[in-house]
Every structure is written in C-alpha cells, then in structure tokens.
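Values in this text are rule-based calculations from the coordinates and carry no lab data. The shown structure was predicted, so the numbers you read here are calculated from the model rather than taken from an experiment. As a convention, Cβ positions derive from the backbone with ideal geometry for all residues, glycine included, and neighbour counts pool all protein chains shown.
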Amino acid sequence: MITSLQNFFLKHNKWLFGSLLIVIIVTFVLTIGPSSFFGGNTTTQRKALNYYGYDLSSEQDQRAMAYTAEVSAILHPELQLRREQLMDYAYLRVAGLGIASQLGVPQPNKETLSSYVESLSIFADPQTGVFSAESYNRMVEMLQINGRFTREAIARALREDYVLDQVRQAFSGPDYSLPFENQQSFIDQGTQYTVSLATYGYADFAPEINLSEEALLQFFNENPSQYEIQETISVSVLRFEADAYLDAVPEPADTDLEIYFATNQNRYQPAPQEDGTEATPVALADVREQVVSDWKSQQATRMAAEKGEAFSLKLWQENIALDSEAFAKLIEDFEVSVSNIAPYTRENPPISADLSAQLLNSMWIYANNPTRYFSDAAQTSKGAVLLVNKGVTEARMPAFEEVRQYVEDNYRAAEKRRLFTEKGTELRETITARLESESFETIAESLNMTVQSLGQFDGVSVPQELQQGNLWDQTMHLATGQVSPMITSRTEGTFSYIVEKTVPELDVESEEYKAFVAQRKGALSNAMGWARLREITDNSLSSLMGSSTVGEE
C-alpha cells in the first residue's frame, strides 16, 4: 500500500534538491537507528511497557501505533519509508507526540490545520505545484479503498503530523552550513552534462591464467577462511501428523457439525454464476459428508499437535536418553514419522515448508547436550514437529589436496577479476590516446564495447545508469572530453565519457541562489530535528527495555 501510493504521487510531483536532501538524511537517520526493539520473536515475557501512553507489550497498542504511522508514511512520500522501517517510524512519532504533550504544544485549529494540509506536496497539483482540492479528495478516496483507512484515521494522522512538525522545528537548531558548501552544492546541481557510456563484457573476457602448483598452494595458504569446513549439526525430524490420528477421532455430534459449518460455511457455498447471479445457498444437509470429513481432519490436526507437546514433555519428565529402548518405544506409541535432514551449518539452515529457520537454528542451543537434545514441539498445518539433535561435526581445515579443485576454481575467478581490472586500465589508456583523432563511440566499438548515449541532464536528475556502484562519483568531476576509470560489476565494466559539460555561473546576490540557500538551510535544519527525535526515541526505548525483562518462558 505504501509503495504503490507513494510511487503514484511521486510520478506526478517533482521535488527540488531540498526535499531530496530530507529524503537522504531522514532515511539515513531511520536506517542507522537500532532495529525495532520489539519486532522479533522471543521467549522473554515482558511486563507492561508504558511508552508515552502506549503499552508496548500489547499487540493491540502496537497495531494502533503502526496503523497511524502507515497513514502518515503514505501522506509523506518524500520520506521514502520502506515497510521494514514503519515500526521504527511509529516509535518515533509516538515519542515526538509525547514530548509535544509535555511541552504543551497546542493542537491545530481548523485554520492552522488547513494551512498545514495545503503545504503538503502530496496534495499539490502536478502541473502547478500548488495545493489542489481535487488532489486532496483523490488521495483520501484512494486511502479509503476497501475500508483500509477511514477519514477519521486520515484526519488524526494529519493533526498528529502537524504537532510532530512543530516539535521537529523546535529541535532543528541553528544552521551550520558554510558558504562554500552552499556554493558548491548550487554548482553541482545546476551543472549540465551530456554523457556516453561504453561497457565491456566480463563473460567474453578470457585471459590466460597461470595454474602452477606453486601459485595454487600460495593462494590456498593466503585464504584459509575460504576453505575451512564449518561445523555442522545433524538433526532428525519427528513429525506428528494428523493422518496418524484420524482413526482415533470420534464421530462428531450434530451440535459440533452445526458450529463448524456456521463458522466455515463460505468454504462450501458455490461461486456466483457467470452472469453474476448468486447461486442457491448450500445447507449443512447438502454437504454433511464433506463437513464431517473436514471436521475430523481438524480434530486430528489438533490431536497431533497435542501429541507433539505430550511427547516433548515425556522426554523431559522421564529423562529419556536418545536412541534408548524407551525412546524407540515412545516413537512407536506416539506413531511418529521420523526422517533425517542433511547436516547444516549455523549460517545456512535448510529451507523447509514446515520447519522454520528459527526452529532449526534453536538446535545449536542443544549441541552436545545429552539431556536436552530435543527442541520444543512446533505446530504445523498438519500437526506438529519436534527436532532431535543427532550430533555436531566440528569445524576443520582440510588438506590442500582435499580441496584442490575448489582452490583452482577460486583462483581462476580471482585472477580473471584482477586481469579484468588491468584490462580496464589498458582500455582507458587506449581510448584517451585515440580521442584526439576519433570519436568516443568509434573507439569503443572498435574495442568490442557497447556504446550508449544518455543525452543531457543536470546534477539533480542523474540517469539510473550512472547510479550503479560509484560510476557517478567518478563521472561528475570529469571535464569535457575526459573518460572515467572502468567501474566493474559482476557482469561488465563501464566507462563514462563527458561529451559536454556546462557549469552554471555563480552569482551569490541573485534571487535564484538566495532561494536555493534558504531551501538548503531549511532542509538541513529539518534533518537535524529528525535526528534529535531519533535520539530521544532510541534513549526512551533503551531505557524501557532495560527494565522490561521479568523472566524466561
């Protein structure tokens, strides 16, 4: 939702450099902050966590925070918040609003709120850049699609954003930008470029590579971490599946069937006819046999999950040893399906439909523990699973002969990449030498390179092709007629050539420059306000976390 709406409105609104600067700094501020303090799974039980009026131990409160934050993020596409940043943004908003309450920041009245809403670029006409009631109504209607957001939620988010904006401005502080920084930024963004690119394919590059034993052995000794065989853990999977317990499920009572059918009746109703006419509703009597089957399957799944819990508890209470007769009998009595999975390392647990990475990684906790060698039972769509630790194979350093082919493959790849870089230096020297008498395109094509012209652009609208790696960093400071070093990627090397470069004249007394400096100062000041709010949010959450843990499950 955030991405689709933001993309739509960003296509119809062009931002000046100040907004771009806010995007860069604010996204950076939110990104470098700690990951969400409450986003991951944990076995830690928490007491009530009062965070500016919200209880962070309550899923309901966290959903309420995230809900309003999502509306706000959509209304501020210039922040370019990714979905994984949404909860951090929610914490920041709540902290800012809590501080506003402490400072006595007033709520906006009708006139103040209207003025604030009209200042938001999301509601601006794409042609004039001025507030448009039509754009506002269209945005509100889009947010209300499928009932996802209400008008009340949108109005609340706007009121809160106004208050948050007042707090951010109070925290923004003085402007510390230097005159030469403003001047250079003005020049960089106003400079006009015409650029051509030439790419040299990596796949077709086939240099001769020395594969002597001495070279391979030296490479092996210099890169031991590449060849160390990591420790692995062997695990058996015990599956408690519904099919094994289906025969033990009794026939359902009529009351049970009626409740089940009422709860799941959409599953049994026929689809509308092709002409849109609603089909005749199905009664329980019409599909009784299928409902009985589904009800039994549900009960068997529940029974299988309970069996998994009981199995785990019995292992624990009776201290049953792995691979003992008692263990084998338990497997038989509980009708457990046993299978082995390939040994895996800490970094690369296998991918499985019914085994989560968290469950697989938990087995390392029980490595070499003869008493607690099994995981907790985990529910699945078919019942439950429980993992058993069969042992750990320690890490070791293999002999050169054991991994010789692997060393050779790595050496070939490393040497090819090194020689490719050298080839780039050679190509650049050739191009530069021939530019006095030939065009860049002619030279590049004669050297088996592909040429692309990017046309003219300025320092604000840099083409996507130049934003790969550090290609733009190598290009922007070149003069007309100069060629950049080759910037390599996995598949190719790229040279940029400045066909033409026009640097704007700098008049520090011009209205254009003064407006530019004012906007830049405002952007920097605004970013400082975001940074201060981020700091307060982090400190508040860290303080709360320090006193929240009360025990382990």
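Here are the numbers for the structure shown:
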item	result
With Cα atoms, 0 to 90° folded angle of helix 86-103 axis to the chain main axis	80
Dipole moment magnitude, nearest 20 debye, the chain about Cα centre, only Lys, Arg, Asp, Glu C-beta charged	1320
Inter-label distance, nm, simple model (7 Å from Cα along the C-beta direction), residue 421/residue 511	5.3
Calculated FRET value between residue 290 and residue 333, using beta carbons and R₀ = 35 Å, to 0.05	0.60
Per-selection Rg to Rh, segment 339-441 - Cα, Kirkwood hydrodynamic radius	1.36
Size of electric dipole in segment 120-266: Cβ of Lys, Arg +1 and of Asp, Glu -1, about Cα centre, debye, nearest 20	1060
Set 423/501; 110/514; 296/390 screened for pairs whose C-alpha atoms are more than 31 Å apart	110/514; 296/390
Principal semi-axes in Å for the chain [√(5λ), Cα gyration tensor, largest first]	53, 42, 26
Ranked 460, 385, 163, criterion: other C-beta atoms within 10 Å, fewest first	460, 163, 385
Euclidean distance between Cα centres, segment 149-164 to segment 232-256, Å	49
Centroid-to-centroid separation of segment 99-121 and segment 465-517 [C-alpha atoms, Å]	41
Residue among 86, 371, 212 farthest towards the positive dipole end of the chain, charges placed on Cβ	86
Angle between the chain longest axis and helix 404-434 axis [Cα atoms, degrees, rounded to 10]	20
Dipole axis of the chain (+1 Lys, Arg; -1 Asp, Glu on Cβ), positive-most option in 121, 133, 169	169
Under 5 Å, built H, 5+ apart or other chain: amide partners of residue 367	none
Acute angle (nearest 10 degrees) that the helix 2-11 long axis makes with the longest principal axis of the chain, alpha-carbon atoms	20
Cα lying deepest toward the dipole's positive end in the chain, options 194, 503, 485, charges on Cβ	503
